Amino acid sequence: MSPSVRLQEMIRVIRGARTQGEERGVIQRECAAIRAQFRQADNGTRSHNLAKLLYVHMLGYPAHFGQMECVRLIASPRYNEKRVGYLGAMMLLDEKQDASLLITNSIKNDLSHSSQYVQSLALCTLACMGSAEMCRDLAPEIDRLLRASNSYIKKKAALCAVHMVRKVPELGELFTPAARSLLSEKNHGVLHGAVVLITELCERNPDTLEQFRKAVPELVLMMKGLVMSGYSPEHNVAGISDPFLQVRILRLLRILGRNNDTASDAMNDLLAQVATNTDSSKTAGSAVLYETVLTVMDIKSESGLRVLAVNILGRFLLNNDRNIRYISMTSLQKIVQTDHNAVQRHRGTIVDCLKDQDASVKRRALELSLALVSAVNIRSLMKELLLFLSSCPPELRAHTTSGIFNAAERYAPSQRWHIDTILHVLTTAGGDVRDETVPNLIQLITTATELHCYTVHKLYRALITDISVQSLVQVACWCIGEYGDLLLRGECEETEPVQVTEDDVLDALETVLQSHMSSPATRGFALTATMKLSTRITHNVDRIRSIVSIYGSCIDVELQQRAVEYNALFKKYDHMSQSYMHIVVSEEGPKNGQTPATLVMDCSLCYRTSSGTGAPSLGTRLLNSFYSQAIRLLNT
Amino acid sequence: MMHFLLLFSRQGKLRLQKWFTPVPEREKKKIVRDMTTMVLGRKPRSCNFLHWKDLKIVYKKYASLYFCCGLDAEENELLALEVLHRYVELLDKYFGNVCELDIIFNFEKAYFILDEFLLGGEVQETSKQVLSRSIEASDMLQETMEEYMSKPAF
């Protein structure tokens, strides 16, 4: 029985195991057998045993006892044993293992082997797991192979050199001359390796970069040859001649043309040619076009070319292939700051992509839409964003809400629009907004004095519809507490007024207080609002007192404390004027959820009330102490 | 460059793993777990590109196998799809209508083919014909060697 059948037999047995335990048993037996075989003298089955061990390793079982066997097999003169030995080295050894140093000598010998396939094994392993010392040791060998060998070896040596430069950047100087001469090769494999090597060298060393700029005309000619050549069966992929090489040349040109006018000028025509002549109906062509666009946008290209590039991205946005839409948007994201107007032209298509099924595409479309918001398009774009918010996936909601708020803050055409937008967001996705939204909104409402009536009406309507969204409920409670008198007056210019009685308003606040959906913070807002209303309504003060006294024995400590203090106020200052009580209520200090900003705001409202009712000296005294509290808070 | 290439089945069983950077064994297992969870969790007609840490992940499903690779951030994703496709074509040519079982029972050959196509995380040969010829030649060398070894010594 030929040994390799035994490998397949073992695989069959392992796959036949019905349980994890059975599999483990089989593998343990096999490993024991393999270990025993390793200890024996050479019997011609070593490579097959190692192959079995590698299979077991891939299933996730430990295989470190095979490391020395790899070293032994690599040193063997037989090709089949070397092959499996090197494979084992790449799978079981890495540069951190001590055993890897032991193969350095074998690799060195094999690099000069008479058979190119043995040389190839050594090169492959070196490029896969060569440590820094190994690279330093063997760099001269690689340099020799870069200059004098056949194309099969040259292409591998080039990529091996790339690995070495990544591990030991100083080796770049050693390889630069050889890399330069490789550019005149005809073999595509060697050319590809040379371009990758030169790219790596230029990225690491600015002097080398300067040197290779002189090669731009040569690279341009090479690229032209590929683009304009007829059908080449050997390198053709979907009508494109060697897209792999084309993309690498374009990337190298990008690095060479960056920040350099002369180099960029030299490649302008070529890039225009590639952009117009490449057929992008299949992925290969799109890959080349994509790389061309990236290059155009990164070098100092003329404006006509840039517009062409952005239009290509715009065309990509309309492509049926989701992948192409995705990369189009990632590219547009990179250039939206520098070429804002060009990208704006494609806003419609980008906004349409918000409705795409794919989550990655949606995310990209959202980022891009937010970047495209401007004073000119804020109204229409916000409509689309709000529509998106109502159906967007949960993981994007927080990002969408904060994006919408930022955009609204920067470009709001009017305060009413701003307030409407924030309220819309709170109604749709109030659970996913940032914590600062509530105080920020309160501040906004306070400054929009002409809209107090409108705002309180809107918020009251929202409150009686739904009290599950905490942020919305908190703002609504605060607003009703502050402007409840406007609500009760029953008239409003901006919107249809509601006909409510004081009982209705108190009902709404009580519902919030009693609902199990309300968080402690929300209850705090509702209680404070109820208390504030005692100075604004006339008929139902008793009801307010009873509500407040109930909460004097509430389990929540914060709520209890407030209720008790309010109760005390009611009792102690019964005979005092409305305005005084108003001031005193606010003097209680910062409430839960009140930032120093809103505190100062409350304060100024009190001052106005106190001046109006003719008790200025009293008001001023209290106010001064209150102001100093506020200042203290602002300074913490 | 490509950092790694993984092949796994619909059930998450690993069929091939190639690492082009030094990664500790435990880290490798974690990456494999992350990749299988992420890729297998994708909806059928999703985009083939993902982000994971600072790498771009490109994956494609061929019959019952997922081909998944991790790339540097400046790599061209569309070209990576072509690279994966080229590897599948090479396997197909070698095994003749390749299926998952071929790769399971001949995993070492799948690795040998991969090592002729990619080196150090980069493409080393862009011509299908040249690649097929060198794979055949290496196999021939191996067979002659095995034949030689199985003959009685004299």
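Taking the options B:K61, B:K56, B:K28, name whichever one is under 23 Å from A:L93 (Cα atoms) and either part of a strand (DSSP E or B) or within 13 Å of chain A (Cβ to nearest Cβ) (or both).
B:K28
What do you reckon, is B:E116 free of Cβ contacts under 8 Å to residues at least 40 places away in the same chain, part of a helix (DSSP H, G or I), surrounded by 16 or more Cβ atoms within 10 Å (Cβ to Cβ) and within 9 Å of another protein chain (Cβ to nearest Cβ)?
So B:E116 fits the description; yes.
Of the conditions (1) surrounded by fewer than 21 Cβ atoms within 10 Å (Cβ to Cβ); (2) of a type in the set (S, T, Y); (3) farther than 19 Å from A:M10 by Cα, A:S120 clears all except one; give me its number. Every listed condition holds for A:S120 apart from (1). Can you pull out the residues in segment A:432-452 that are surrounded by fewer than 18 Cβ atoms within 10 Å (Cβ to Cβ) and either modelled with pLDDT of 90 or more or in contact with a Lys or Arg (Cβ under 8 Å, 6 or more places away or on another chain) (or both)? Once the filter is applied, which keeps residues that are surrounded by fewer than 18 Cβ atoms within 10 Å (Cβ to Cβ) and either modelled with pLDDT of 90 or more or in contact with a Lys or Arg (Cβ under 8 Å, 6 or more places away or on another chain) (or both), segment A:432-452 yields only A:A448. The residue that is surrounded by the most Cβ atoms within 10 Å (Cβ to Cβ), among those in segment B:136-146 that are charged (D, E, K, R) and more than 7 Å from chain A (Cβ to nearest Cβ), is B:D139.
Residues of segment A:82-109 being of a type outside the set (A, V, I, L, M), buried (at least 23 other Cβ atoms within 10 Å of the Cβ) and within 20 Å of A:V56 (Cα to Cα), which ones? Hits for segment A:82-109 are A:K82, A:R83, A:G85, A:Y86, A:G88.
For segment A:119-134, the set of residues classified as assigned to a loop (DSSP other than H, G, I, E, B) and of a type in the set (S, T, Y) consists of A:S131 only. Checking the conditions here, which among A:G60, A:G25, A:G88 is more than 17 Å from B:M145 (Cα to Cα), without any contact (Cβ under 8 Å) to a residue 24 or more places away in the chain and within 12 Å of chain B (Cβ to nearest Cβ)? So the residue among A:G60, A:G25, A:G88 that is more than 17 Å from B:M145 (Cα to Cα), without any contact (Cβ under 8 Å) to a residue 24 or more places away in the chain and within 12 Å of chain B (Cβ to nearest Cβ) is A:G60. Checked against the criteria, A:T455 does not count as among the β-branched types (V, I, T) and at pLDDT below 85. Hey, among the residues in segment A:181-194 that are more than 10 Å from chain B (Cβ to nearest Cβ) and surrounded by 19 or more Cβ atoms within 10 Å (Cβ to Cβ), which one's nearest to A:S149 (Cα to Cα)? Step by step, filter segment A:181-194, then rank; the result is A:L182. Only one entry of A:R536, A:R545 meets the criterion of being among the basic types (K, R), at pLDDT below 85, assigned to a loop (DSSP other than H, G, I, E, B) and over 22 Å from A:L441 (Cα atoms), and that entry is A:R536.
The requirement of being touching a Lys or Arg at 6+ places or on another chain (Cβ under 8 Å), modelled with pLDDT under 95, within 30 Å of A:P169 (Cα to Cα) and not charged (D, E, K, R) is satisfied by A:N260. Does segment B:7-25 contain at least one residue that is closer than 18 Å to A:Y55 by Cβ and of a type in the set (G, A, S)? Yes. The residues in segment B:119-135 that are in a loop (DSSP other than H, G, I, E, B) and either more than 7 Å from chain A (Cβ to nearest Cβ) or at negative phi (or both) can be counted, and the count is 5.
When segment A:1-20 is limited to residues that are among the hydroxyl-bearing types (S, T, Y) and at pLDDT below 90, the one that is nearest to the chain's Cα centre (by Cα) turns out to be A:S4. Being small (G, A, S) and within 10 Å of chain B (Cβ to nearest Cβ) is the filter here, so list the residues in segment A:335-367 that pass it. Selection gives A:A359, A:S360.
Counting only helices (runs of 4 or more DSSP H) wholly contained in segment A:1-75, no element carries 2 or more residues that are outside the structural domain of A:L87 (by TED's automatic domain parsing), farther than 23 Å from B:K109 by Cα and in contact with a Pro (Cβ under 6 Å, 6 or more places away or on another chain). Quickly run through segment A:63-85 and pick out the residues that are farther than 26 Å from B:K29 by Cβ and facing another protein chain (nearest Cβ under 9 Å). Across segment A:63-85, the qualifying residues are A:R78, A:Y79, A:N80, A:E81, A:R83. Of all the numbered requirements in (1) in contact with a strand residue (DSSP E or B) (Cβ under 9 Å, 6 or more places away or on another chain); (2) facing chain A (nearest Cβ under 9 Å); (3) β-branched (V, I, T), B:I103 misses one, and that requirement is (2). For beta carbons closer than 7 Å, sequence separation of 6+ or different chains, a first residue in segment B:12-28 that is more than 16 Å from A:H57 (Cβ to Cβ) and a second that is small (G, A, S), the qualifying pairs are B:F20/B:G120; B:F20/B:G121.
Restricting the first member to segment A:497-513 and to residues that are in the same structural domain as A:T538 (by TED's automatic domain parsing), and the second to residues that are in a helix (DSSP H, G or I) and surrounded by fewer than 19 Cβ atoms within 10 Å (Cβ to Cβ), the beta-carbon pairs closer than 6 Å and six or more apart or on different chains are A:L506/A:R543; A:A508/A:I464.
In segment A:132-151, is there at least one residue being within 10 Å of chain B (Cβ to nearest Cβ), buried (at least 22 other Cβ atoms within 10 Å of the Cβ), modelled with pLDDT under 95 and within 38 Å of the chain's Cα centre (by Cα)? No - not one qualifying residue is present in segment A:132-151.
Mind listing whichever residues of segment A:105-118 are assigned to a helix (DSSP H, G or I) and either among the aliphatic types (A, V, I, L, M) or away from chain B (no Cβ under 12 Å) (or both)? Hits for segment A:105-118 are A:N105, A:S106, A:I107, A:K108, A:N109, A:D110, A:L111, A:V118.
Please state which one of A:M267, A:M297 is surrounded by 23 or more Cβ atoms within 10 Å (Cβ to Cβ) and among the hydrophobic types (A, V, I, L, M, F, W, C).
Of A:M267, A:M297, the one residue that is surrounded by 23 or more Cβ atoms within 10 Å (Cβ to Cβ) and among the hydrophobic types (A, V, I, L, M, F, W, C) is A:M267.
Selection within segment B:45-103: residues that are of a type in the set (K, R) and under 15 Å from A:N323 (Cα atoms). The member of this set that is surrounded by the most Cβ atoms within 10 Å (Cβ to Cβ) is B:K56.
Taken residue by residue, segment A:439-453 has at least one member that is in a helix (DSSP H, G or I), farther than 27 Å from A:D503 by Cα and within 27 Å of the chain's Cα centre (by Cα).
The values are calculated or read from the model by the stated rules, or taken from the named source; none is laboratory data. Source: prediction; values computed, not measured. Please note: Cβ atoms are built from the backbone with ideal geometry, for glycine as well, and neighbour counts cover all protein chains shown.
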